[in-house]
Amino acid sequence: MKEIYSKFEETELSKIFDNEDFGFRKITVDRPLKLKFEINEETLELFKNSSQYINLAISKKKKEKLKNIEEAEGRKKQEQLIESLSKITKIYLDREEFLKEKSYLMFQMPR
């Protein structure tokens, strides 16, 4: 039996089948990516709990005075972000359109 298998030849004792003979097919179904960009209380809370947002107000400076200044600037940026994002009331189904609106609002933020 081992010898027949290792030869991998059709004989009167063995037959070789293709995958198609068993009905096996690989089918890939591509569906459109459904995106939804919406700013509401729930999504703002998720954003506020994200590490990127939290880290804006955390300083790694050793000197207390510099650390306090950097953290105050970070808290100010956090407030500005929330204020700007709160102005977005439309639900976007197109990423590019949402990014344009967000970029415009971020550009309007005081520096």
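Throughout, read-outs are computed from the coordinates displayed, never taken from laboratory work. Since the model is a prediction, treat every value here as computed from it, not as a measurement. Backbone-built Cβ (ideal geometry, glycine too); neighbour counts: all protein chains shown.
Taking the C-alpha atoms only, the angle from helix 95-108 to the longest principal axis of the chain is near 20 degrees.
Local charge for residue 59 was computed over the other residues whose Cβ lies under 12 Å away, with Lys and Arg +1 and Asp and Glu -1, and equals +3.
Residues considered: 50, 14, 86. Largest GNM mean-square fluctuation over the chain, using C-alpha springs under 10 Å, is found at 14.
Taking 15 Å as the straight-line reach from the Cα of residue 15, the aspartates and glutamates in range (excluding those fewer than 8 positions away in the same chain) are 3.
If you take the Cα centroid of the stretch 83-97 and the Cα centroid of the stretch 21-61, the two points sit 16 Å apart.
As an exercise, use a Förster radius of 25 Å and the Cβ-Cβ distance of residue 34 and residue 89 to find the FRET efficiency, rounded to the nearest 0.05. Working shown, then result.
On the way: r = 21 Å, r/R0 = 0.83.
Efficiency for this residue pair is about 0.75.
Hey, what D do you get for the stretch 32-108 in µm²/s if you plug the Kirkwood alpha-carbon radius into Stokes-Einstein at 37 °C and 0.692 mPa s? D = 234 µm²/s.
Computed from Cα atoms, the angle from the helix 64-86 axis to the main principal axis of the chain rounds to 70 degrees.
Comparing 16, 88, 27 in a Gaussian network model of the chain, where Cα atoms under 10 Å apart are tied by springs, the biggest mean-square fluctuation is seen for 16.
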